[in-house]
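A short reminder: the numbers here are calculations on the coordinates, not readings from a lab. Note that the coordinates shown come from a computational prediction; the quantities given were computed from them, not determined experimentally. With ideal geometry, Cβ positions are generated from the backbone for all residues, glycine too; neighbour counts draw on all protein chains shown.
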């Protein structure tokens, strides 16, 4: 499985604790706001607005600690989502979870890059679909998902999932 948008590795830790034998590729760019795309900053996502480089480094260190705790099951790949996806062969992952750039352009790019990497019968999903928290503008997540899929299953905490067929 690949988790794209790891931040501190909380979801990674949750998944690895509950799924013995899972191999998780943890992908993030861990960049400060001045290095994030303008469209992502415009969503007002907290993670796109980190100005403190030391804080970003702490997040990366926390994620590395999770990967270290699950040595042999977890690997961290730092970089831009689409470039990281290109490193893997098509149909490589059983599942991919997208929780990185929440702009419409970012989610579209992530789906385009990662969908071919999911095995037939596998799952692709993500976070913050239909999240109407007024602090953020995550409306682009729904538009991007709808552009790629005719239907998705919705889960808890604003998650979405689509079976790859």
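Points worth noting:
- As a rough footprinting exposure proxy, the listed residues 28, 46 were ranked by other beta carbons within 10 Å of their own, and the order from fewest upward is 46, 28.
- Structure-derived semi-axes √(5λ) of the Cα gyration tensor in Å - corresponding label in (i) 29, 18, 13; (ii) 22, 21, 14; (iii) 27, 16, 15: (ii)
- Antiparallel bridge percentage (DSSP; both residues within the chain; nearest 5): 30 percent
- Each label point was placed 7 Å from the Cα along the Cα-to-Cβ direction; for residue 105 and residue 61 their separation is 3.4 nm.
- As a proxy for reagent exposure, ranking 41, 143 by other Cβ atoms within 10 Å from fewest up yields 143, 41.
- Going from the fewest other Cβ atoms within 10 Å to the most, the residues 23, 127, 102 appear in the order 23, 127, 102.
- Only helices enter this figure: runs of n ≥ 4 DSSP H residues, each worth -39500 (n - 2.57), summed and divided by the residues of the chain, yield -10000 deg cm²/dmol at 222 nm to the nearest 500.
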